[in-house]
1. Restricting the first residue to segment 51-78 and requiring it to be polar (S, T, N, Q), which pairs with a second residue that is modelled with pLDDT under 65 and open to solvent by less than 100 Å² (accessible area, probe 1.4 Å) meet a Cβ separation below 7 Å and a spacing of at least six or different chains?
2. Only residues that are open to solvent by 60 Å² or more (accessible area, probe 1.4 Å) and in contact (Cβ under 8 Å) with a residue 60 or more places away in the chain: list them for segment 85-101, please.
3. Would you confirm whether any residue within segment 134-152 is open to solvent by 80 Å² or more (accessible area, probe 1.4 Å), among the hydrophobic types (A, V, I, L, M, F, W, C) and in a helix (DSSP H, G or I)?
4. Out of the residues in segment 23-42 that are surrounded by 16 or more Cβ atoms within 10 Å (Cβ to Cβ) and of a type in the set (A, V, I, L, M), state the one that is modelled with the highest pLDDT.
5. So, of the residues in segment 43-67 that are crowded, with 16+ Cβ neighbours inside 10 Å and among the polar types (S, T, N, Q), which turns out to be modelled with the lowest pLDDT?
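The values are calculated or read from the model by the stated rules, or taken from the named source; none is laboratory data. In this text the structure is predicted, and so the values were computed from the model without any measurement. Note: ideal-geometry Cβ built from the backbone for every residue, glycine included; neighbour counts use all protein chains shown. Each accessible area value is taken on the protein alone, full model and side chains, heavy atoms only, with ligands, DNA and RNA left out. Shrake-Rupley method; radii C 1.70, N 1.55, O 1.52, S 1.80 Å.
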Amino acid sequence: MILRPERWRPGGRRHTSKVEPVTREQDADAALQCLVVRASAGGLLGAIALSPRLWFNVGRAFPNFPLSGFLFPTTVDFSIYDMASPPLAALLVLALVGLLVRPDREDLLYMALASIALLVAADIHRLQPWLYQYALTFGLTAVYVRRRNFSFRVVFGFMLFGTYFWSGLQ
C-alpha cells in the first residue's frame, strides 16, 4: 500500500491535506485513466485539426443539418446554428487543451461533453464514429469512474468491447 497526500480532488476542489492510503492497483488505474484521457483529447484535437470546415463553418460546401431540422423540418431558422458553431468549437478546443494539461479535471470533461452534444445538435454531419468513441470515453471517465468505485481498466475494456462488437454486428 502506498501513502500519497491527497491535496486536490478531481475537478480542482481543495480539501484537507491528510494522507490517504492508496493501493498500487488504484495508483496504476489512475495513471491509466490519465493516459487514456490525454490520448483521447489529443486524438480529438487532431481530428478537429484535420476537418476544420466541419467544426468552424469556414468555407463549407454543404449546409448545416441541425438535429431540430431533422425532427421538425419546416420550422427551423438555420442561421442561429451557423453563428453558434464557431464559439462552441472554440470552447471544445479549449476544454481539450485543458484535458491535455490536467486530465483529472472533471469540469473539463463535462465541458467537452456538453460542447460535443451542442455541436452535434447544431449539425448532425459532425456525428462521426470517431466522435462518439471519444464522447463515450469522456463520458465513462466523467460519470462512472469518478462517481463509483469501478476499475477504469474494466470499464474502459467493456466500452471498447461493446464498440467493436456493435461494429461487427453492422
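1. Asn64/Phe78; Ser68/Val76
2. Across segment 85-101, the qualifying residue is only Leu100.
3. no
4. Ala41
5. The qualifying residue modelled with the lowest pLDDT is Asn64.
One line per residue, one yes/no per condition, for (1) of a type outside the set (Gly, Ala, Ser); (2) over 24 Å from Ala28 (Cα atoms):
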position	(1), (2)
Tyr110	yes, no
Ala114	no, yes
Leu118	yes, yes
Ile124	yes, yes
Pro129	yes, yes
Leu136	yes, no
Leu140	yes, no
Val143	yes, no
